[in-house]
Amino acid sequence: QVQLVESGGGLVQAGESLTLSCAASGSLFGSNTMGWYRQGPGKQRELVAAIRLDGNTNYADSVKDRFTISRDNAKNTVYLQINSLNPEDTSLYSCNVRIWNTYYWGKGTLVTVSS
């Protein structure tokens, strides 16, 4: 059984920064890539950032100048730092982990940005 629990979301003002966390637990042997996704109101879920076990990262073009993904393998935790938040960043942010060929998801943490 694999569980992912996101935290760190909330209501913030435009221009502020936020760091989201996603802690994984359970049977994590074989885990590799961890990713952050978001789904805004009326929008499809999109990948914003991913990080492999070796630390290699990739970002959506729309966020790569403001988002930073990192991970602490000892804590089985992945982080997403978001700078210069704007109202368009308002979304449910979810993380996932790939274990062999299966993806596991957390329930997400809501980020709301007021102008």
**Report entry** Approximate spin-label separation Ser27-Leu53, in nm, with each point projected 7 Å along Cα-to-Cβ
**Finding:** 1.6 nm
Query raised in the report: What is region 70-115's relative contact order, in percent, from Cα pairs under 8 angstrom and six or more apart in sequence?
Result: 35 percent
Query - Choice from Thr90, Thr33, Thr102 showing the highest fluctuation, given a GNM over the chain with Cα pairs closer than 10 Å - result: Thr102
Requested in this report: Go through region 1-50 and name the trypsin sites (Lys or Arg not before Pro) that are in a DSSP coil and have 14 or fewer other Cβ atoms within 10 Å of their Cβ.
Outcome: Lys43, Arg45
Query raised in the report: Hey, got the dipole for the chain? About the Cα centre, +1 on K and R Cβ, -1 on D and E Cβ, debye to the nearest 20?
Result: 280 debye
Report task. Determine which aspartates and glutamates satisfy two conditions relative to Lys75: a Cα distance under 19 Å, and not lying fewer than 8 residues away in the same chain. Result -> Glu6, Asp54
Report summary line: In a Gaussian network model of the chain with springs linking alpha carbons closer than 10 Å, the residue among Tyr59, Tyr93, Tyr79 that fluctuates most is Tyr59
Report summary line: So the FRET efficiency between Asn73 and Gln1, C-beta based with R0 = 22 Å and rounded to 0.05, is 0.65
Report summary line: So the carbon and sulfur contribution to the accessible area of the chain, 1.4 Å probe, in percent, is 46 percent
Report summary line: Between the modelled labels at Leu11 and Thr112 (7 Å from Cα along Cα→Cβ) the distance in nm is 0.5 nm
Query raised in the report: Projected onto the charge dipole of the chain (+1 at Lys/Arg Cβ, -1 at Asp/Glu Cβ, origin at the Cα centre), which of Ile99, Met34, Asn58 gives the Cα projection farthest towards the positive end?
Result: Ile99
Query - Of the GluC sites (Glu not before Pro) in region 1-104, those whose Cβ has at most 15 other Cβ within 10 Å and which sit in DSSP loop - result: Glu16
Query raised in the report: What relative contact order, as a whole-number percentage, does the chain give when Cα pairs under 8 Å and 6 or more residues apart are counted?
Result: 37 percent
Query - Gaussian network model of the chain, springs between alpha carbon atoms under 10 Å - residue of Val12, Val78, Val48 with greatest fluctuation - result: Val12
Query - Of all DSSP beta bridges in the chain, antiparallel share, percent nearest 5 - result: 90 percent
Query raised in the report: Which lysines have a Cα lying under 22 Å from the Cα of Lys64, excluding residues fewer than 8 positions away in the same chain?
Result: Lys43
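The values are calculated or read from the model by the stated rules, or taken from the named source; none is laboratory data. Bear in mind the structure is a predicted one, so any value in this text is a computation, not a measurement. All Cβ positions, glycine included, derive from the backbone under ideal geometry; neighbour counts span all protein chains shown. Areas reflect the complete protein model, heavy atoms only, side chains present, ligands, DNA and RNA absent. Shrake-Rupley method; radii C 1.70, N 1.55, O 1.52, S 1.80 Å.
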